1. Residues of the range A:98-112 being surrounded by fewer than 16 Cβ atoms within 10 Å (Cβ to Cβ) and under 31 Å from the mean Cα position of the chain (by Cα), which ones?
2. Out of the range B:157-168, which residues are at pLDDT 95 or above and surrounded by fewer than 19 Cβ atoms within 10 Å (Cβ to Cβ)?
3. Are any residues in the range B:98-121 more than 8 Å from chain A (Cβ to nearest Cβ) and of a type outside the set (A, V, I, L, M), and if so, which ones?
4. If B:SER134 satisfies all but one of (1) surrounded by fewer than 21 Cβ atoms within 10 Å (Cβ to Cβ); (2) within 27 Å of A:PHE58 (Cβ to Cβ); (3) within 14 Å of chain A (Cβ to nearest Cβ), what's the number of the condition it fails?
5. Can you name the condition, by its number, that B:SER100 falls short on among (1) among the hydroxyl-bearing types (Ser, Thr, Tyr); (2) at pLDDT 95 or above; (3) more than 26 Å from B:LEU52 (Cα to Cα)?
6. I'd like to verify a number: residues in the range B:170-181 that are buried (at least 19 other Cβ atoms within 10 Å of the Cβ) and not aromatic (Phe, Trp, Tyr), how many?
7. Of everything in the range A:222-245 that's polar (S, T, N, Q) and in contact with a helix residue (DSSP H, G or I) (Cβ under 6 Å, 6 or more places away or on another chain), which residue is nearest to A:LEU146 (Cα to Cα)?
8. Is it the case that A:ALA141 is of a type in the set (Gly, Ala, Ser) and more than 7 Å from every other protein chain (Cβ to nearest Cβ)?
Number of protein chains: 2
Amino acid sequence: MCSPAIIEKVKKRITRRNLLQGIGVSGAASASGCLAQSVSSSQPPDSSSTNLPESVSFTRVVDLSHTLHPNFPAWFVAGQQVTTRGKRTFVPPEIVEVKSVFEWNPDKVNLKQITYWEHVGTHMDAPSHFSEGSTVDEIPAEDLVLPLAVVDIKAHAHSDPLARLTMKDIQKWESKHGLIPERAMLALNSGWAKYVDTPKYKSLDENGKHRQPGFHPEVAQFLMEERNVVALGVDTFSFDNQLSKNSEVHYLWMGDNRWGIENLNNLDDVPAVGATVVVGQPSIQGGSGGPSRVMALV
Amino acid sequence: MCSPAIIEKVKKRITRRNLLQGIGVSGAASASGCLAQSVSSSQPPDSSSTNLPESVSFTRVVDLSHTLHPNFPAWFVAGQQVTTRGKRTFVPPEIVEVKSVFEWNPDKVNLKQITYWEHVGTHMDAPSHFSEGSTVDEIPAEDLVLPLAVVDIKAHAHSDPLARLTMKDIQKWESKHGLIPERAMLALNSGWAKYVDTPKYKSLDENGKHRQPGFHPEVAQFLMEERNVVALGVDTFSFDNQLSKNSEVHYLWMGDNRWGIENLNNLDDVPAVGATVVVGQPSIQGGSGGPSRVMALV
């Protein structure tokens, strides 16, 4: 599903700096024997392999979703002018609209009309959000149930709205928990979820630009090439932050026909490894993403 | 969550005919020892009890959802005039609209604006659709993961678009598979899912009214009162059909603060009992239902 042309395009976009050698991961990986398990570079997710161990067990369910409402913080700002291919678009006053078609009374029903821009709330970024890859309805259900690994950077993200998940964090995590499982969701717990209803969630800078923790592109590349991670997860509203120029993580990840979930919640309530994530992504034809109910089976 | 007032209202609406005695279920239930396990009448789902056995295991995932698109068969018809509380509403040409805000090109992103009337596609009917009960965001995630029981009436529904799941079907199922699990989803497999893109899905009668298999109200009442079933499921677009007057099943079920899923798919691919259903219902504040990704863990 990920054409060589797309991969080539993405490779050109991403500045490659022999990342792994440069930060000594190869050595660490060799020492732990993980290179033998690594997959070849830029290999798209292999849908013939199984996402799950032979049998998965769980005893409880954790909701990893926020509730979506018209004031949920969004990437865009009401009234903002956005231009693509020469076409101007103004962002509407509400990214999410909830209108009553019927209202319940003892003899009637309650029914609403919902309108949203896809990328709001706890939501999927499908590959097609940043590439010519798969839309939400093209991701099979079995790919929506994955081992979950959670990396916690709360300690340094607390006071740094531009904190990023780095290879050092990954190394530290793997030295404690073992290799990130094959075909997992790797979720970044920056501690940002609890700020969702406060200005800190956007942490606007002096130019009105958002600041929030995200992934270092080196990490995204490593997770894709060396751990065959299927999905990224983050508890802020973007995998990228201002330190990644031009949505580098998005283009890299989705350009390789992979997907992710933004605005996750409750990551403190799941273990670093051992849970299974279920992404309840409504299958809307041609969707580039959209609000999702994400749950962890623990 | 279900006030006595609501329960009373529903009881008045539903014609009670000592259903269970009338069709001899009490005897059957006593014989199988199930009365000892029955719950008291009209008891709302008890959220303090566990939905799941101590540990749930699975090895595969089955998608129970259809893909939603603008031509998905809907209850309403474009241009139809509907009136509630004296307010006229005209059904728009499309119940589901997908508009591109941005379209992907090598430097841009793909982002759509989605609009839908909540009750379309594979979707939840929350209690608030037909009562003053819970909205979708008020249903906790742990209640969205339930044991799944599937009752197959394909043999007689095939040639009868007004077939209903009856107490006889339930008795036959329980004599073969044992009692319906406590706090389960009970899904009706009428075989209708495969007709979703054909006129048979609506099977319009000479007056232009829909015909599709559904639940007999007696069954809904039994499942609620004697089996504490949490959610109904059906592979047609309504729990009710023309033989149930005035949306009897909807008012009964949702009036007791219970919910369900309509337009299920692939019920042939899951066992009659033993699977676990996960309802990926986006948590939209105040929603009376909406498109959902429903999966079975088998």
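1. Answer for the range A:98-112, where residues must be surrounded by fewer than 16 Cβ atoms within 10 Å (Cβ to Cβ) and under 31 Å from the mean Cα position of the chain (by Cα): just A:LYS99.
2. Scanning the range B:157-168 gives B:ASP160, B:LEU162, B:THR166, B:LYS168.
3. Pass one, the range B:98-121, residues more than 8 Å from chain A (Cβ to nearest Cβ): B:99-100, B:107, B:120.
Passing the criteria: B:LYS99, B:SER100, B:ASP107.
4. (1)
5. (2)
6. Summing the residues that are buried (at least 19 other Cβ atoms within 10 Å of the Cβ) and not aromatic (Phe, Trp, Tyr) in the range B:170-181 gives 4.
7. Ranking the qualifying residues of the range A:222-245, first place goes to A:THR236.
8. For A:ALA141, the condition - of a type in the set (Gly, Ala, Ser) and more than 7 Å from every other protein chain (Cβ to nearest Cβ) - is not met.
The values are calculated or read from the model by the stated rules, or taken from the named source; none is laboratory data. These figures come from a predicted structure and were not determined experimentally. Cβ atoms come from the backbone with ideal geometry, glycine included; neighbour counts cover every protein chain shown.
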